[in-house]
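Reviewing the structure listed below.
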Amino acid sequence: MQESHESESAEERYSRQWRFAPLGQEGQRRIRGSRVAVVGLGALGSVAAELLARAGVGALRLIDRDFVELSNLQRQFLYDEADASEALPKAVAAARRLARVNSSVELETCVADLAPSAADELLGGADLILDGTDNFETRYLINDFAVREGVPWIYGAAVGSYGLKLAIIPCPLGSLPRGGGAAARSAASGGGRSRTRG
């Protein structure tokens with residue numbers, strides 16, 4: 001009886017996603033079966049984590065070493081004044097809020113610095129890594145792990161009013177043609193076929 005109620009609840013909760021043709025029930029099933037590591041829970045990471053929880057992702061690993069401060073509240077939507085006054089770790093405060101947003105999402109908190117010695121432990125088992133960090137050292141570490149393990153990751157950055165994003169799907173460089181130069185250009189342009197305009 002409980003399983004039937006949970007199924008009906010999920011059907012109602014995600015009905016709009018099920019009806020959205022590019023996603024549908026199969027897409028929602030894949031989202032529900034996914035594990036995402038969010039590294040950095042500032043402005044970008046906190047918004048991404050909340051959107052993933054609302055979308056029904058199966059599990060979120062929340063990784064951040066920082067604590068909530070009053071100066072975070074104008075741009076980091078997961079946190080409130082109580083979190084700042086308690087100086088809660090961002091990962092803990094985020095998990096507390098996300099559990100209220102969607103209690104069916106498995107939440108794991110990691111109050112830690114993503115260092116080379118901890119990368120395997122913190123990122124292992126993730127189907128996707130979201131980078132909400134603010135430094136290149138950590139981004140390079142995420143990239144090294146993602147390339148080695150074949151895990152896609154999404155890079156995001158915001159400075160002032162400027163922002164950018166990049167989805168990275170690691171692939172072995174060995175799949176590119178050897179020899180560079182003409183061979184690589186030929187492969188990149190469709191195998192040597194060329195079109196001319198008359």
Exercise. So is Pro170 in a loop (DSSP other than H, G, I, E, B) and at pLDDT 50 or above or not?
Worked result: yes
Seminar exercise, completed: If we ask which residues in the range 109-134 are under 16 Å from the mean Cα position of the chain (by Cα) and over 15 Å from Leu62 (Cα atoms), their number turns out to be 1
Exercise. Which of the residues that make up the range 115-153 are buried (at least 17 other Cβ atoms within 10 Å of the Cβ) and within 15 Å of Ala49 (Cα to Cα)?
Worked result: Ala126, Leu128, Ile129, Leu130, Asp131, Gly132, Thr133, Trp153
Exercise. Among the numbered criteria (1) closer than 24 Å to Ile129 by Cβ; (2) without any contact (Cβ under 8 Å) to a residue 24 or more places away in the chain, which single criterion is violated by Thr109?
Worked result: (2)
For this session: May I ask you to verify whether Ala126 is farther than 19 Å from Lys90 by Cα, in contact (Cβ under 8 Å) with a residue 24 or more places away in the chain and either touching a Lys or Arg at 6+ places or on another chain (Cβ under 9 Å) or in a loop (DSSP other than H, G, I, E, B) (or both)?
Result: yes
Exercise. Just a yes or no: is a residue in the range 135-142 of a type outside the set (A, V, I, L, M, F, W, C), within 15 Å of the chain's Cα centre (by Cα) and within 23 Å of Arg75 (Cα to Cα)?
Worked result: yes
Seminar exercise, completed: Of the residues in the range 50-90, those that are basic (Lys, Arg) and closer than 19 Å to Glu108 by Cα come to Arg54, Arg61, Arg65, Lys90
Exercise. Given (1) over 24 Å from Ala146 (Cα atoms); (2) at pLDDT below 95, where does Ala43 come up short, assuming only one miss?
Worked result: (1)
Exercise. Out of the range 62-71, which residues are surrounded by fewer than 22 Cβ atoms within 10 Å (Cβ to Cβ) and in contact (Cβ under 8 Å) with a residue 40 or more places away in the chain?
Worked result: Arg65
For this session: Test Ser9 against the criterion of being surrounded by fewer than 19 Cβ atoms within 10 Å (Cβ to Cβ), modelled with pLDDT of 95 or more, part of a helix (DSSP H, G or I) and among the hydroxyl-bearing types (Ser, Thr, Tyr), and give yes or no.
Result: no
For this session: Could you look through the range 72-92, keep only residues that are under 14 Å from Ala112 (Cα atoms) and either of a type in the set (Gly, Ala, Ser) or crowded, with 24+ Cβ neighbours inside 10 Å (or both), and pick out the one that is nearest to the chain's Cα centre (by Cα)?
Result: Ala91
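The values are calculated or read from the model by the stated rules, or taken from the named source; none is laboratory data. Source: prediction; values computed, not measured. All Cβ positions, glycine included, derive from the backbone under ideal geometry; neighbour counts span all protein chains shown.
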